[in-house]
Amino acid sequence: MDEIKQRIEALREELNRHNYNYYVLNTPEISDREFDFMMKELEHLEAENPQWDDPYSPTHRVGSDISKAFTQVAHIHPMLSLGNTYSVSEVEDFMHRTTTALMGQEFSIVGEMKFDGTSISLIYEHGRLVRAVTRGDGEKGDVVTDNVMTIKSVPLQLTGDDYPDSFEIRGEIVLPWKEFERLNQEREYNEEPLFANPRNAASGTLKMQNSAEVARRGLDAYFYYLLGENLPYDNHYDNMMAARRWGFKVSDVMTRLDNIEDVDSFISYWDTARKELPVATDGLVFKVNSMRQQLNLGFTAKSPRWAIAYKFQAERALTRLHYISYEVGRTGVITPVANLEPVLLSGTMVRRASLHNEDIIRSLDIHENDMVYVEKGGEIIPKITSVDTSARTENARPVEFVKECPSCGTPLVRIEGEAAWQCPNKYGCEPQIIGRVEHFVGRRMMNIDGIGEETAQLLFESGLIRNIADLYDLTHEQLAMLDRFANRSAERVRQGIEASKSVPFERVIFALSIPYVGETVAKKLARSVRNIDALMNMSEDELTSIDDIGPRIAESIREYFSVPSNREIVERLRVSGLQMSMPEDSDEGRSDRLSGKSIVISGTFARHSRDEYKELIERHGGKNVGSISKKTDYLLAGENMGPAKLEKANSLGIPIIDEEQFLEMIGEG
Ligand code: IVH
């Protein structure tokens, strides 16, 4: 037995070390495969020996999908901001001011990157992360420990022996460019609003309720400030280097600087070199190195006197806006696009900029033919930040936002509660139809090899398809006759279409392009409705009783199936042999022990996840409902259940069962 325990501990230590090598030092010693292998072994041993489980084990970095609202706590030391400037001479003034305030003493400076993310305060006790708190209003912030624990470069357990028993470390949570681009591509694809910059994406992600999703997004964290009673050194730089040894990611950019000349060359070097960094930065920070001198200099009401931030100038260019054009997306949303006189900005030629929606055009008071400022701050997509109205000529034309769809001419409607205009001609408007075909064949939907954007367009324009069901009637001859279609690729498309018939039901639902039914919603629907007939005939009330299906989604599903041509398409897809139900092999382990019982789940559990309990309820004929009412039969209660739920169950006299009792009921006790 002890041997197993030793093995578990050895694996945890090894995995922590490799995590650190990989995520902090960027110098992995072993392959991903070897790493996964060790992780699997640890997972296995922990599952077999739950008595030695530890919430700090590296296996627990996957997050959970239990939602809870964040609690707020007061910061031990308020989180202040930094005085900032855009000018080198003001940084030099800071150096002179500091000399005077220190009455001529020598001092050294630490130059650092100013990371453009969202700041975080971490509390460690006895070498373990105990709490992570957002900046909030500077006095108090949200406790986001679970989410922060999913960030692989944040050490859960420190290494070494010279860290204080209790201390705070501050840093910045960032979303690296690469992950930011991946996330936005995904969002663009799903027609979800894009994040304007990595900072918004990082802070949005950190505040998500679902830590499993947080884990998936690939956040990272850099640390730059240590606070506590017993720090090992009397200067900032050495303390940060110690923090790096304990396991924190401290940027290599951090440099000791001895005089104004050093500071100036640090600025001129990083002004351009920062563009090569993997994360967004918006400036540099200069800090007095000695802690004693920091103490002498002290704070103003808002910021330390011992530090200053130098902010990089956002790159911008002045160019002419020729005209505004309009694009129609798969869901009919109209996006105005500024067509510009090409201009060079941060090394790329910019010709177009998104204007997002009509409100933005109005608030900028943009006219066609105006001279406009285009900026690429932390943003990927250049944006128009202002208009040079002094350069406005008689040629300038106020923007008349389109009233009709630029593609099919249907009068546009404004989506309630949103700034967007939409073409309501869902089934007759070409870009919408083609967009739906493109979506349908996509990798995460029906995954039809050989059809992409271009082929979808070609098939539509040649009159071979009018909707997604037509794809299944295409013959090899028809395909081979198409322009640019060699025999071989015709065969590939046919095979892709054939193979799509075994794509699981949940992806078929996603592929239909029902507004608001994305990948996750489709999965939930498939698991709970089990087949397409049930879905087609459900009322809005029945739909909203499914977990996570709100009124907007329910209404959209009802509306979709109330259109006869949609029902016809679904029927044709069924006849073509697509998967229209969940496989029945899942009969094993089914019973009607909970038949007719309505059960509410609350809290967190040890033996199964909440989703698993939900599935178990359904497998045994019961119904999982979201909130307690007179009709509820049981409350399945785990740890940390909300007091309101408990009180409500008690007041209605609803039996409360724990997981052991529940498992007993379904014969798995
Ligand atoms: S030091 C008391 N160092 O900038 C001073 N801040 O405007 C503590 N930031 O809220 C902050 N990089 O979120 C410091 N190397 C760095 C930084 C940095 C980014 C952020 C931080 C802070 C804001 C101050």
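Coordinate-derived values only; no laboratory data. What you are looking at is a predicted structure, and each value in this text was computed from that prediction instead of being measured. When we count neighbours, we look across all protein chains shown, and the Cβ atoms used for this are built from the backbone with ideal geometry, even at glycine.
Leaving out same-chain residues fewer than 8 places away, which lysines sit with a Cα under 28 Å from that of Lys597?
Of all the lysines, those that pass the test against Lys597 - Cα under 28 Å, at least 8 places apart if same chain - are Lys68, Lys523, Lys524, Lys614, Lys623, Lys630, Lys631, Lys645, Lys648.
If the viscosity is 0.692 mPa s and the temperature 37 °C, what Stokes-Einstein diffusion coefficient in µm²/s follows for the chain when Rh is the Kirkwood radius over Cα pairs? Don't skip to the answer; put the middle values down first.
Numbers: Rh = 29.3 Å.
D, rounded to a whole number, is 112 µm²/s.
Which percentage, to the nearest 5, of the DSSP beta bridges contained in segment 582-669 is antiparallel? Show your work: numbers first, answer last.
Working: 1 of 10 bridges.
Percent antiparallel among DSSP bridges in segment 582-669 is about 10.
Take the alpha carbon atoms of segment 141-190, find their center, do the same for segment 424-503, and report the distance between the two centers in whole angstrom.
Using only Cα atoms to place each centre, the spacing works out to 42 Å.
Given an 8 Å cut-off on Cα distances and at least 6 residues of separation, report the relative contact order of the chain as a percent. The partial results should precede the final answer.
Details: 1128 pairs, mean separation 59.4, N = 669.
Result for the chain is 9 percent.
Output the relative contact order of segment 512-643, whole-number percent, from Cα pairs under 8 angstrom with separation of 6+ residues. List each step's numbers first, then the result.
Numbers: 146 pairs, mean separation 31.9, N = 132.
In percent, rounded to a whole number, it is 24.
Take Arg552, Arg217 and order them by how many other Cβ atoms sit within 10 Å, fewest up front. Write down the numbers at each step before the final one.
Working: Arg552 12, Arg217 21.
The order, fewest Cβ neighbours first, is Arg552, Arg217.
Under 20 Å between alpha carbons, and skipping anything fewer than 8 positions from Lys403 in its own chain: which aspartates and glutamates qualify?
Those aspartates and glutamates meeting the cut-off are Glu327, Glu358, Asp359, Asp365, Glu368, Glu416, Glu418, Glu430.
When a/c is below 1.5 the answer is rounded, else prolate if a/b is larger than b/c, else oblate, so apply that to segment 344-448 with a ≥ b ≥ c taken from the square roots of the Cα gyration tensor eigenvalues. Before the final figure, lay out each step's value.
On the way: a/c = 2.55, a/b = 1.48, b/c = 1.72.
Oblate, because a/c is 1.5 or more while a/b does not exceed b/c.
Starting with the highest mean, order 604-612, 43-51, 517-525 by the number of other Cβ atoms within 10 Å, averaged over the residues of each peptide.
Values: 604-612: 14.6, 43-51: 12.6, 517-525: 18.3.
In descending order of packing, they fall as 517-525, 604-612, 43-51.
Got the relative contact order for segment 61-213 handy, in percent, Cα pairs under 8 Å and 6 or more residues apart?
Numbers: 200 pairs, mean separation 52.1, N = 153.
Answer for segment 61-213 is 34 percent.
With a cap of 15 neighbouring Cβ atoms within 10 Å, and only residues DSSP puts in a loop, list the GluC sites (Glu not before Pro) found in segment 64-159. Write out the running numbers ahead of the final one.
Numbers: sites: Glu90, Glu92, Glu106, Glu112, Glu125, Glu139; in loops: Glu106, Glu139.
Those satisfying the criteria are Glu106, Glu139.
May I have the pair-distance distribution P(r) for segment 64-149, computed from all Cα-Cα distances with 10 Å bins from 0 and rounded to whole percent?
13, 32, 27, 20, 7, 1
Starting at the first residue of segment 411-417, write each ³J(HN,Hα) from the Karplus equation 6.51 cos²θ - 1.76 cosθ + 1.60 with θ = phi - 60°, in whole Hz, x for Gly and Pro.
Each residue of segment 411-417 in turn: x, 7, 10, 9, 5, 4, x Hz.
For the pair Arg484 and Glu186, what calculated FRET efficiency results from E = 1/(1 + (r/R0)^6), where r is the Cβ-Cβ distance and R0 = 25 Å, to the nearest 0.05?
Working: r = 29 Å, r/R0 = 1.17.
Computed FRET efficiency for Glu186 and Arg484: 0.30.
Calculate the FRET efficiency for Ala212 and Cys408 from the Cβ-Cβ distance with a Förster distance of 41 Å, rounded to the nearest 0.05.
Details: r = 41 Å, r/R0 = 1.00.
In this case the efficiency is close to 0.50.
Over the chain, what is the percentage of antiparallel beta bridges among all DSSP beta bridges, to the nearest 5?
On the way: 74 of 85 bridges.
So the antiparallel bridges amount to about 85 percent of the total.
Counting other beta carbons within 10 Å of each Cβ, put Lys597, Lys630, Lys426, Lys178 in order, fewest first. Walk me through the numbers before you get to the answer.
Working: Lys597 16, Lys630 7, Lys426 21, Lys178 11.
Lowest to highest Cβ neighbour count: Lys630, Lys178, Lys597, Lys426.
For every helix of n ≥ 4 consecutive DSSP H residues, a contribution of -39,500 (n - 2.57) applies; sum these over the chain, divide by its total residues, and give [θ] at 222 nm rounded to the nearest 500 deg cm²/dmol.
Rounded to the nearest 500, it is -10500 deg cm²/dmol.
Taking the beta-carbon count within 10 Å as an exposure proxy, list Ser627, Ser290 from fewest neighbours to most.
Values: Ser627 10, Ser290 19.
The order, fewest Cβ neighbours first, is Ser627, Ser290.
With a cap of 11 neighbouring Cβ atoms within 10 Å, and only residues DSSP puts in a loop, list the trypsin sites (Lys or Arg not before Pro) found in segment 447-521.
Numbers: sites: Arg466, Arg484, Arg488, Arg492, Arg494, Lys501, Arg507; in loops: Arg466, Arg484.
Sparse-neighbourhood loop trypsin sites (Lys or Arg not before Pro): Arg484.
Name the shape class, rounded, prolate or oblate, that the alpha-carbon gyration tensor gives for segment 413-537, where a ≥ b ≥ c are the square roots of its eigenvalues, rounded holds for a/c under 1.5, and otherwise prolate holds if a/b is larger than b/c and oblate otherwise.
Numbers: a/c = 2.45, a/b = 1.34, b/c = 1.83.
In terms of gyration-tensor shape, oblate.
What residues have an amide H closer than 5 Å to that of Tyr225, excluding those fewer than 5 places away on the same chain, when H is modeled at 1.01 Å from N in the peptide plane?
Amide H neighbours of Tyr225, under 5 Å, 5+ apart: Arg170.
Would you work out if segment 231-311 is rounded, prolate or oblate? Take a ≥ b ≥ c from the square roots of the eigenvalues of the alpha-carbon gyration tensor; rounded if a/c is under 1.5, else prolate when a/b is larger than b/c, oblate otherwise. Provide the component values of the computation, followed by the final result.
Details: a/c = 1.72, a/b = 1.21, b/c = 1.42.
Since a/c reaches 1.5 but b/c is at least a/b, the shape of segment 231-311 is classed as oblate.
Could you go through segment 112-123 in sequence order and give the Karplus-derived ³J(HN,Hα) for each residue, using 6.51 cos²θ - 1.76 cosθ + 1.60 with θ = phi - 60°, rounded to whole Hz, and x for Gly and Pro?
Running phi through 6.51 cos²θ - 1.76 cosθ + 1.60 with θ = phi - 60° gives 9, 6, 9, 6, 9, x, 9, 7, 9, 10, 10, 10 Hz.
Would you please give the residues with an amide H less than 5 Å from that of Arg352, counting only those at least 5 places away or on a separate chain, with H modeled from the backbone geometry?
Leu340
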